[in-house]
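Down below is the structure, laid out as structure tokens.
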Amino acid sequence: MTNKKMSLENVLDAFMTEEPTPRYEALRRWQDRYPEYRRDLAEFYMTWVVQSIQAEYPDQAVIDENKLAARTLSYVMDIAKRRDAPAQKGAVGTMTPFDELILAAVYLLRGQGDDMAIIDKLSAMQGEEASLGAVFESLSRLQHNTYISPWNSDPKTEPDGVSKRYFTVMLAGERALADARVTSRVVADALGEFA
């Protein structure tokens, strides 16, 4: 299915045919299949998301699709650049088993994990309540080592109107998770089919 000679139009047709609804995981999978169309796929995905939302709420105010798509694309591309940036020289170190679990929790939340969601995910993985202080220290270490990156949500998108800090796994973090999956049974069980 990864015919490098496919035109953008054929790739977009296949994307729409194989994916019934717009999902971020699907976008990432298709961008990995067709890296030469990475930006085009992201633009197409953003338009598809906006159109899906408009179809669900036709009576809502008109959305400036171009502005929304441009801002979202800029945001997605910024994340992609940060994810693909090489780890800072000398920053990558050995992770503790607890850091591995925190990193796995952040990964499993797919960039939508705030502090409390990470604590809940970790508690479920461990089968016991996680320490708030220990989680914050681990998040700080993982961020310092460029395994994860925080981002702040737009307060307008949050139910309580307050911006939240979410975390996403960087490329170095994904590599560290691949190593942790081999050495830690708990991480391997949590990650399942992680590639």
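The C-beta contact set for segment 110-128 (first residue in the same structural domain as residue 158 (by TED's automatic domain parsing), second residue in a loop (DSSP other than H, G, I, E, B), distance under 7 angstrom, 6+ apart or interchain) comprises 114/164; 117/109; 118/109; 119/130; 121/109; 122/130; 123/129; 123/130. Applying the condition of being part of a helix (DSSP H, G or I) and in contact (Cβ under 8 Å) with a residue 60 or more places away in the chain to segment 147-179 and asking which residue is nearest to residue 79 (Cα to Cα) yields 171. The number of residues in segment 115-165 being surrounded by fewer than 18 Cβ atoms within 10 Å (Cβ to Cβ) and aliphatic (A, V, I, L, M) comes to 6.
Of the residues that make up segment 81-92, is at least one basic (Lys, Arg), at pLDDT 85 or above and within 24 Å of residue 26 (Cα to Cα)? Walk me through how you get there before you give the answer.
Going residue by residue through segment 81-92, those that are basic (Lys, Arg) are 81-83, 89.
Filter once more, keeping what is at pLDDT 85 or above: none.
Checked segment 81-92: no residue is basic (Lys, Arg), at pLDDT 85 or above and within 24 Å of residue 26 (Cα to Cα).
For segment 129-144, give me each residue that is closer than 18 Å to residue 176 by Cα and either outside the structural domain of residue 105 (by TED's automatic domain parsing) or small (Gly, Ala, Ser) (or both). 138, 140, listed by residue number.
The residues of segment 1-25 that are surrounded by fewer than 17 Cβ atoms within 10 Å (Cβ to Cβ) and under 22 Å from the mean Cα position of the chain (by Cα), listed by number, are 16, 18, 19, 20, 21, 23, 24, 25.
Please state which of the following conditions residue 137 fails to meet, knowing it meets all the rest: (1) in contact with a Leu (Cβ under 9 Å, 6 or more places away or on another chain); (2) assigned to a helix (DSSP H, G or I); (3) over 24 Å from residue 72 (Cα atoms). Every listed condition holds for residue 137 apart from (1).
The values are calculated or read from the model by the stated rules, or taken from the named source; none is laboratory data. Here the structure is a predicted model, which means the values were calculated and not measured. Methodologically, a virtual Cβ is constructed for each residue, glycine included, from the backbone with ideal geometry; neighbour enumeration extends over all protein chains shown.
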